[in-house]
Amino acid sequence: MDFKCAVIKGDGIGPDIVDQAIKLLDIVGEKYGHSFSYEEVLAGGVAIDATGHPLPQETIDVCKKSDAVILGAVGGPQWDHLPGNLRPEVALLGLRSALGLYANLRPAVMYKELQAACPIKDEIIGQGLDIMVVRELTGGIYFGERGQGTGENGAYSYDTMMYSEKEVERIARNAFDIAMKRGKKLTSVDKANVLENSRLWRKVVLEVAKDYPEVELNHLYVDNAAMQLVINPKQFDTIVTGNMFGDILSDEASMITGSIGMLPSASLGEGKIGMYEPIHGSAPDIAGQDKANPIATVLSMAMMLRYSFDLEEEAKAIEKAVENVLAAGYRTGDIMSPGGKLVGTKEMGRLLCEQI
Ligand code: IPM
Ligand code: MG
């Protein structure tokens, strides 16, 4: 089969990690008889420098015509002074919205080989961790009405957290479907003790739950969820939550697994097209230095094969490659521990390719 991928390398370490992911995809293609074509487009800081806007229309058009979008990372200090509507991050939010990618899957898996990199005590984490965070991605406070002005107390600004019933329902269904394929346990995270919006969220989730009697559902307030992730992470199987809470909790969950450099993500909508990116940022401090960990991006490619291309065996081959390379002791700096063999981005990429 032929698959068309739009590629957004982005800023900082984006090009370093995406290059490795693409090399690996090509090897997978050769082995299993698929071809992947890549059309590179600009978004984020590099797009601002080249065109004056973080998300050029051409980028949206190319992405819409593709089977999937591969994204590295966007952002960097040189664009921090720009007004909110012209920052590199606008590209990410804009793409998610333009492609209707409302469901963000962020699996936090701890490999037993990386136990030494996990900041949590062995007796708490046990043999590993496998949590799926399902984050709503095109609504909530990141997309609500916002504004600023000046009043009697000086300047003010506001962002609005809004969810409609329909938005909560579709992400909840998604999460229940995923929970059904996993441990049949779903935790919905909200702040229903304070926020009106969270009370609606909870009501809708409870409504949807009636269609999934096999799934054990519980609700946690977000502050408690943040704490529970640290004191008892093993209680979680699938978590569903809104845009901002999911942003925060998925970073937390990733650090529990050892490094944010390990966590992939898939952003999905109604159709098959998805966007696949590591959950980490552009790490400008190590950009272009052959230091970044390409594994989160590589694992995002596995998710792309699985969710957009229906290539389960090929997806598993990538995941197995990651396990094997870790088991052989190879580590990038972020997951290094005593006894590990320190390698750079390219060497890690090469080792992964060798495993396919
Ligand atoms: C993420 C990032 C983005 C988000 C930023 C860069 C806009 O933090 O993908 O988690 O908040 O969604
Ligand atoms: Mg984030």
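Between the range 228-246 and the range 108-181, what's the alpha-carbon centroid distance in Å? Using only Cα atoms, the two centres lie 8 Å from each other. Computed over the range 253-316, the convex hull of the alpha-carbon atoms projects to a mean area of 5.2 nm².
Under Stokes-Einstein, with the Kirkwood radius over Cα pairs as Rh, the value for the range 23-86 at 4 °C and 1.567 mPa s is 95 µm²/s. Judged by the ratio a/c of the largest to the smallest principal axis of the C-alpha gyration tensor, the chain counts as rounded, that ratio being less than 1.5.
Using only the alpha carbon atoms of the range 119-256, find the Kirkwood hydrodynamic radius as the inverse mean reciprocal pair distance, in angstroms to one decimal. Spell out each step's value before the answer.
On the way: mean 1/r = 0.0630 Å⁻¹.
It is 15.9 Å.
Under the combined filter of DSSP loop state and at most 12 neighbouring Cβ atoms within 10 Å, the range 201-246 retains these trypsin sites (Lys or Arg not before Pro): Lys210.
Remark: relative contact order (the chain) = 22 percent; criterion is Cα-Cα distance under 8 angstrom and separation of 6 or more residues. Taking other residues whose beta carbon is less than 15 angstrom from the beta carbon of Asp190, and scoring Lys, Arg as +1 and Asp, Glu as -1, yields -3. The GluC sites (Glu not before Pro) of the range 103-154 that meet both conditions, a loop assignment by DSSP and at most 11 other Cβ atoms within 10 Å of the site Cβ, are Glu145, Glu152.
Among Leu101, Leu342, Leu220, the order of accessible area from largest down is Leu342, Leu220, Leu101, computed with a 1.4 Å probe on protein heavy atoms.
Normalised by the number of residues in the range 44-182, the mean separation of alpha-carbon contacts (under 8 Å, six or more apart) gives a relative contact order of 18 percent. His34 contributes an accessible area of around 30 Å² to the protein surface, as traced by a 1.4 Å probe with all chains present.
From the Cα gyration tensor of the range 7-124, with a ≥ b ≥ c the square roots of its eigenvalues, which class applies: rounded if a/c is under 1.5, or else prolate if a/b is larger than b/c, or else oblate?
Details: a/c = 1.99, a/b = 1.26, b/c = 1.58.
Because a/c hits 1.5 or more and a/b fails to exceed b/c, the range 7-124 counts as oblate.
Overall shape: oblate for the range 218-270, with the ratio a/c of the largest to smallest alpha carbon gyration tensor axis at 1.5 or above and b/c at least equal to a/b. Using all pairs of distinct alpha-carbon atoms, the Kirkwood hydrodynamic radius of the range 70-198 works out to 18.1 angstrom.
Helical runs (DSSP H, four residues minimum) scored at -39500 (n - 2.57) apiece and divided by the length of the chain put the mean residue ellipticity at 222 nm at -12500 deg cm²/dmol.
Considering only Ser259, Ser37, Ser282, the mean-square fluctuation computed in a Gaussian network model of the chain, springs between alpha carbons under 10 angstrom, is largest for Ser37. State, as an integer percentage, the relative contact order of the range 91-245 based on alpha-carbon contacts under 8 Å between residues 6 or more apart. Once divided by the residue count of the range 91-245, the mean separation gives 29 percent.
In a DSSP loop and with at most 15 other Cβ atoms within 10 Å, the trypsin sites (Lys or Arg not before Pro) in the range 59-110 are Lys65.
If you add up the charges near Ala68, with Lys and Arg at +1 and Asp and Glu at -1, over every other residue whose beta carbon is less than 12 angstrom from its beta carbon, what do you get? List each step's numbers first, then the result.
Working: positive: Lys4, Lys64, Lys65, Lys272, Arg306; negative: Glu39, Asp67, Glu277, Asp310.
Overall, the nearby charge balance is +1.
Note on the range 203-356: semi-axes of the ellipsoid equivalent to its C-alpha gyration tensor, largest first and rounded to whole Å, are 31, 20, 15.
The values are calculated or read from the model by the stated rules, or taken from the named source; none is laboratory data. Fair warning: this is a prediction, and the values are worked out from it, not measured in the lab. Glycine gets a Cβ as well: all are built from the backbone with ideal geometry, and neighbour counts include every protein chain shown. For accessibility, only protein heavy atoms count, side chains too; no ligands or nucleic acids. Shrake-Rupley method; radii C 1.70, N 1.55, O 1.52, S 1.80 Å.
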